[in-house]
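**Q** Have a look at the structure that comes next, please.
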Number of protein chains: 2
Amino acid sequence: MKDASEQKSQLRKGLLELAVLLVVSRGSVYASDILKQLKDSDLLVVEGTLYPLLSRLKDDGSLGYQWQESKSGPPRKYYQLTKKGESDLSQLLQTWTNLSQSINSLIKITK
Amino acid sequence: MKDASEQKSQLRKGLLELAVLLVVSRGSVYASDILKQLKDSDLLVVEGTLYPLLSRLKDDGSLGYQWQESKSGPPRKYYQLTKKGESDLSQLLQTWTNLSQSINSLIKITK
DNA sequence: ATTACTACCTTGTATCACAAGGTACTAGGT
DNA sequence: ACCTAGTACCTTGTGATACAAGGTAGTAAT
């Protein structure tokens with residue numbers, strides 16, 4: 001283990017998909033909105049991570065999008081959850097709950 | 001997203017190091033002990049994942065070990081936390097707590 | 001036409017979980 | 001002495017993915 005930031009990065013792996021689906025589930029958003037909301041939740045993500053992830057979720061059929069013009073720059077891609085995305089999110093939430101409880105039970109025994 | 005097992009695997013990435021350190025922190029154990037305890041906590045890990053992880057933790061100075069003979073087979077490597085390992089674990093626990101709260105706060109807002 | 005800002009995307013690298021396969025020690029039966 | 005079964009350790013190869021760095025292109029104001 002080298003330092004705190006690497007540690008955080010490792011622990012975060014795999015959670016980003018859940019976090020992004022949660023953000024999108026609140027309403028139509030484009031990439032910068034997502035980055036901002038994740039930052040507000042202390043789940044910092046960078047562009048190089050987010051864009052490929054959004055593409056994967058779109059290819060999987062979990063997300064859809066429409067282009068929308070902006071008054072202050074180039075057009076934006078606004079994403080929404082599809083039916084499949086809603087179902088995926090609900091499964092991920094279940095998985096998250098189980099995993100979280102597993103870790104917390106290990107912590108309790110340790111204490 | 002393809003299926004539930006892949007989903008689970010993705011979400012679990014990065015948590016295994018924390019889980020293993022937690023198990024070892026309870027006392028001297030060898031690989032099969034760790035596998036069994038993680039299985040009991042529904043955090044299934046396979047040998048091909050655990051052995052490289054133990055080697056990494058040893059190389060990082062977080063774990064130490066001694067060989068110990070067994071009456072029922074080849075000798076075993078018993079692992080313990082080093083001082084550094086204890087410090088790493090405590091940092092990881094802090095990171096876990098923060099991350100967990102971040103995700104849970106996103107969930108609450110969504111609901 | 002240059003600069004600044006915004007927004008989308010790609011490439012290359014390092015890391016890691018896992019499947020599959022391999023080595024080696026002990027014990028018990030033949 | 002020779003198998004077979006059980007246990008325990010480890011390595012190799014593959015696919016996935018978070019991230020840094022760099023690239024393209026639209027709008028708007030000087």
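The values are calculated or read from the model by the stated rules, or taken from the named source; none is laboratory data. Remember, it's a predicted structure, so these values are computed and weren't measured experimentally. No Cβ is skipped: glycine too gets one built from the backbone with ideal geometry, and neighbour counts run over all protein chains shown. Heavy atoms of the whole protein, side chains included, go into the accessibility calculation; ligands, DNA and RNA do not. Shrake-Rupley method; radii C 1.70, N 1.55, O 1.52, S 1.80 Å.
**Q** Only Lys, Arg, Asp and Glu count, each charged at its Cβ (+1, +1, -1, -1), so figure out the dipole size of the protein assembly as shown about its Cα centre, rounded to 20 debye.
**A** 240
**Q** Still on this structure, please answer the following. In straight Cα distance, which lysines are under 21 Å from B:LYS36, not counting same-chain residues fewer than 8 positions off?
**A** Candidates past the 8-residue exclusion: A:LYS108, A:LYS111, B:LYS8, B:LYS13, B:LYS58, B:LYS71, B:LYS77.
**Q** Further question on the same structure: Calculate the mean, over all residues of peptide B:101-108, of how many other protein chain Cβ atoms lie within 10 angstrom of the residue's Cβ.
**A** The per-residue average across the peptide is 6.
**Q** Taking the Cβ of A:ALA31 as the center, what net charge do the other residues with Cβ under 13 Å away carry, scoring Lys and Arg +1 and Asp and Glu -1?
**A** On the way: positive: A:LYS36, A:LYS39, A:LYS58, A:ARG76, A:LYS77; negative: A:ASP33, A:GLU47.
Once all neighbours under 13 Å are counted, the net charge is +3.
**Q** Let a ≥ b ≥ c be the square roots of the eigenvalues of the Cα gyration tensor of the protein assembly as shown; is it rounded (a/c under 1.5), or, if not, prolate (a/b larger than b/c) or oblate?
**A** prolate
**Q** Right, here's the next one. So what's the projected area for chain B, the Cα convex hull averaged over all directions, in nm²?
**A** Taking a quarter of the hull surface, the average projection is 8.7 nm².
**Q** Further, regarding this structure: Sum -39500 (n - 2.57) across every DSSP H segment of at least 4 residues in the protein assembly as shown, then divide by the residue count to get the 222 nm mean residue ellipticity, nearest 500.
**A** -20500 deg cm²/dmol
**Q** Sticking with this structure for a sec: What does DSSP give for the protein assembly as shown in terms of the percent of beta bridges that are antiparallel, rounded to the nearest 5? Write out the running numbers ahead of the final one.
**A** On the way: 16 of 16 bridges.
Around 100 percent of the beta bridges assigned by DSSP in the protein assembly as shown are antiparallel ones.
**Q** Once the other residues with Cβ under 12 Å from the Cβ of A:TYR79 are scored (Lys, Arg +1; Asp, Glu -1), what is the net sum?
**A** Numbers: positive: A:ARG26, A:LYS58, A:ARG76, A:LYS77; negative: A:ASP33.
Within the 12 Å Cβ shell, the charges total +3.
**Q** How large is the charge dipole for chain A, taken about the Cα centre, if only the Cβ atoms of Lys, Arg (+1) and Asp, Glu (-1) carry charge, to the nearest 20 debye?
**A** It comes to approximately 160 debye.
**Q** Okay, next question. With unit charges on the beta carbons (Lys and Arg positive, Asp and Glu negative) and the dipole taken about the Cα centre of chain B, which residue among B:VAL29, B:ILE107, B:TRP96 sits farthest to the positive side?
**A** The residue sitting most towards the positive pole is B:ILE107.
**Q** Let me ask something else. With every protein chain in place, what's the accessible area of B:LEU57 (1.4 Å probe, Å², nearest 10)?
**A** Estimated to the nearest 10 Å², B:LEU57 gives 0 Å².
**Q** Compute the distance from the alpha-carbon center of region B:61-83 to that of region A:94-108, in whole Å.
**A** A separation of 27 Å, based on Cα centres.
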